[in-house]
Amino acid sequence: MKVNFFLISILFASITITSCQNINRTMMREKYAIPDSLYSFFPNDDVFFDKLEFTSIVGTPKSFNNSSLCMFATKSLIEYYSCQDTVAKNKLINHYRQTAPNAFNASDINYFIIGDEYELLKQFDSLSIRKAYEKIADVSSLLPHFNEFEHQISIQYDTTLCSLPNTYEIFTIKTGHRLTSDDKKLYEWELLPSRLKHGYNCGVAIDRNSPNIIYWALEW
């Protein structure tokens, strides 16, 4: 009887911890002014994603118009996971290879990054940024500037455009030009052409050589 009580206690504790993780995850996501439809493909049920170890939710709540600096910024939600099961991770990669509207390797040069103007100008001059955006057909070829989250995601960054190592496969899942938030304070960044001026880009980046998986949702 004592043994059964002990096992029941462990099971109850496990369920409680999982429930708390899911509640905490939902509360953290709701802190960011991004419609939940944009991150509906993020992991929610740890039973279904039983090979994914939920690590943390990170990101920086931003307004569209930083009035103190008058510089462009995105709204962003980034979640970082670790998948220790190689078979499960490869299945996830194959799934997105077959279903994602757009896919890149981090080392590709047929995409460009979008993020805080202040951070981008540390890496590129204004003319280079403008020319790069002019070559981009639509928002599906814009990826996060991942090193903006270096203080929250402890991974090894690289010199690729998006700052992820070249072992990452990156899949854009949801993209569009329609603004999804009700925020009226839109910042018209002069370096963005009209076709890229406002929009959203959401997806997942998976490292082939490590357990790292990064989900993101951006809106600007």
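The values are calculated or read from the model by the stated rules, or taken from the named source; none is laboratory data. Everything numeric in this text was worked out from a predicted model, so none of it was measured. Here the Cβ positions follow ideal geometry from the backbone for every residue, glycine too, while neighbour counts run over all protein chains shown.
Close contacts from the range 113-125, counting a first residue that is surrounded by 16 or more Cβ atoms within 10 Å (Cβ to Cβ) and a second that is part of a helix (DSSP H, G or I) and at pLDDT 90 or above, with Cβ to Cβ under 7 Å and a gap of 6+ residues or different chains, come to Leu120/Ile129.
Entry remark, the range 94-120: residues being among the hydrophobic types (A, V, I, L, M, F, W, C) and more than 17 Å from the chain's Cα centre (by Cα) number 2 in total.
Is it true that some residue in the range 45-67 is outside any helix (DSSP H, G or I) and at pLDDT 80 or above? There is no residue in the range 45-67 that is outside any helix (DSSP H, G or I) and at pLDDT 80 or above.
What do you reckon, is Ser82 surrounded by fewer than 16 Cβ atoms within 10 Å (Cβ to Cβ), within 22 Å of Asn212 (Cα to Cα) and in contact with a strand residue (DSSP E or B) (Cβ under 6 Å, 6 or more places away or on another chain)? Answer is yes for this residue.
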